[in-house]
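Below: one structure, written as structure tokens.
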């Protein structure tokens, strides 16, 4: 048994090491050839330059490379403080730094969700999924933030620093705030308080260092008009993206968005509590992450990195053909084969609408599968936990 565990550990180490080596080589070659790579990491780096040189953070970024499109900095001011060290590196190495973190982040994210024997194959297979390869190609922080949240909630159970990681992640990108609610739902009140306090301290620090930028962010830039115009694009796989592609703007669309948000939140809170009572905390975390993807105004395809631990959690619970179909769905072909951009999404027929909204549909299906994947004993626990008269 010890020998088998050693072999599995070596296989995981080889998988992580291979991925890191390949990405380091790519970054080095791209740097030598001065080839553009990492649009979003270039924006992060330009945000750090704006902080260093006292330039407006939520205006034109003067340090953007010539090859980068004119994109705004959309993160909270604290994120710009975190990105300041990137200014010491060439743009390609900023991308390389985030790319190198991809494999270790995937390993951390997979550990609590699947058996050790599945980790190497799932880790390497994850690089074929669009949320992963797109995150890496853009130089995004999605994988790192996911790993921080997973480690904070599932791996650091006995640490007195629990909650701090979620607070920092939320100060960098606001969506992780939902995991503070998750901590409250699973009755980790002290951890939730620690996470909220960390978020407040980090945000206050940004106010002290960048008062004008902080005021602008929290009063106007947070609404992100640049991306609001792209809400109906096929690359936005949230419920609001679906509504924007399907219905004209107006009261009806707003009501549907609001009703779905309330329904999703209620179901999420109920299911997280029940899964926690049944002892399936990994599934409970996936429910919260899925809810965040569904109700967020913008959930770009590269935000859907949570599909990797979701598939890891289900790999021993559903049939392999079903797993293979789910994995192939997230390789990116669904977005590529339908008309997209310039309002073309509004011309979709029914078949194109099904394919073009595949991430959203699959997300709802995966949430259902998480419930169905429970053992019979766990299902009995769920029933008893929700029965009248049960101690709440």
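The values are calculated or read from the model by the stated rules, or taken from the named source; none is laboratory data. None of these values were measured; they are calculated from a predicted model. All Cβ positions, glycine included, derive from the backbone under ideal geometry; neighbour counts span all protein chains shown.
Data for the structure
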| read-out | value |
| --- | --- |
| Residue check for residue 134: touching a residue at least 60 places away in the same chain (Cβ under 8 Å) and not in a helix (DSSP H, G or I) | no |
| Members of segment 153-195 that are surrounded by fewer than 23 Cβ atoms within 10 Å (Cβ to Cβ), more than 23 Å from residue 275 (Cβ to Cβ), without any contact (Cβ under 8 Å) to a residue 60 or more places away in the chain and under 20 Å from the mean Cα position of the chain (by Cα) | 164, 168 |
| Some residue of segment 309-328 being part of a loop (DSSP other than H, G, I, E, B) and more than 21 Å from residue 115 (Cβ to Cβ) | no |
| The lone exception for residue 346 - which of (1) over 16 Å from the mean Cα position of the chain (by Cα); (2) assigned to a helix (DSSP H, G or I); (3) within 30 Å of residue 284 (Cα to Cα) it fails | (3) |
| Hits in segment 330-344 (condition: on the phi < 0 side of the Ramachandran plot and either out of contact with any helix residue (DSSP H, G or I) (no Cβ under 8 Å at 6 or more places or on another chain) or at pLDDT 90 or above (or both)) | 330, 331, 333, 334, 335, 336, 337, 338, 339, 344 |
| Criterion (modelled with pLDDT under 95, over 25 Å from residue 105 (Cβ atoms) and under 26 Å from the mean Cα position of the chain (by Cα)) met by exactly one of 13, 71, 64 | 64 |
| Residue match in segment 168-182 (condition: out of contact with any strand residue (DSSP E or B) (no Cβ under 6 Å at 6 or more places or on another chain) and in a loop (DSSP other than H, G, I, E, B)) | yes |
| Residues (in a helix (DSSP H, G or I), touching a residue at least 24 places away in the same chain (Cβ under 8 Å) and either out of contact with any helix residue (DSSP H, G or I) (no Cβ under 7 Å at 6 or more places or on another chain) or surrounded by fewer than 18 Cβ atoms within 10 Å (Cβ to Cβ) (or both)) located in segment 65-96 | 84, 85 |
